[in-house]
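The values are calculated or read from the model by the stated rules, or taken from the named source; none is laboratory data. Only a predicted model underlies this, so the values are computations on that prediction, with no experimental measurement involved. Neighbour counts are summed over all protein chains in view; Cβ atoms, including those assigned to glycine, are modelled from backbone coordinates with ideal geometry.
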Amino acid sequence: MSTLFRAWDPRELRHVFGHHPTGVCAITAVDDQQPVGMAVGSFTSVSLNPPLVAFQPDKSSTSFPCIRRAGSFAVNVLSSDQENICRTFATKGGDKFAELAWTPSKITGSPILEDIVAWVDCRIESVIEAGDHYIVLGRVLGLAVVRDTSPMVFFQGGYGSYADLPSQ
């Protein structure tokens with residue numbers, strides 16, 4: 001059998017993919033007048049014209065159906081000192097907003113968390129099935145940098161921060 005069509009061991013995939021650092025964000029929305037959210041390491045910019053972004057939630061997510069129903073979402077770029085927020089949003093169930101300060105975005109009403117690095121307010125453009133995940137494409141409606149600090153990075157199974165390398 002060609003390695004191109006090989007059945008890959010998920011542990012091997014996770015190990016290799018874990019060598020690529022990713023930023024960590026909390027995706028938030030309001031569904032039925034209740035704030036909902038989830039942590040993702042799959043947020044990316046897609047296009048500048050038109051302004052589009054994407055994230056990829058797992059199909060087994062219990063939060064994504066609520067975000068999808070809301071029709072809009074905010075991307076909250078977490079800072080390196082917000083691991084507790086990341087862990088809260090990575091759990092299933094419970095009130096993830098119980099001990100968090102947030103304000104509704106002026107455009108969609110999606111929660112913007114306090115003291116994050118930046119936020120991007122979006123309307124869902126499309127949702128594409130992709131294996132065991134979805135690809136959610138969002139149109140940017142508003143955005144801002146909140147504080148100029150190091151973002152949270154996920155790398156090789158752990159959380160950390162970005163550090164500038166010395167110039168050569």
Just checking, how many residues over the stretch 94-107 are in contact (Cβ under 8 Å) with a residue 60 or more places away in the chain and surrounded by fewer than 20 Cβ atoms within 10 Å (Cβ to Cβ)? 3
Residue under evaluation Gly93, criteria (1) under 16 Å from Cys25 (Cβ atoms); (2) modelled with pLDDT under 95, criterion not met: (1)
For the stretch 96-155, which residues satisfy the criterion of being farther than 15 Å from Val40 by Cβ, of a type outside the set (A, V, I, L, M, F, W, C), touching an Asp or Glu at 6+ places or on another chain (Cβ under 6 Å) and not in a loop (DSSP other than H, G, I, E, B)? Arg139, Gly142
Are any residues in the stretch 64-91 in contact with a helix residue (DSSP H, G or I) (Cβ under 8 Å, 6 or more places away or on another chain) and closer than 21 Å to Asp132 by Cβ, and if so, which ones? Phe73
Given Val127, Val75, which one is surrounded by 21 or more Cβ atoms within 10 Å (Cβ to Cβ) and touching a strand residue (DSSP E or B) at 6+ places or on another chain (Cβ under 9 Å)? Val75
Please give the number of the condition Lys59 fails out of (1) touching a His at 6+ places or on another chain (Cβ under 9 Å); (2) at pLDDT below 95. (2)
Selection count, the stretch 130-151, where residues are at pLDDT below 95 and either surrounded by fewer than 17 Cβ atoms within 10 Å (Cβ to Cβ) or among the polar types (S, T, N, Q) (or both): 6
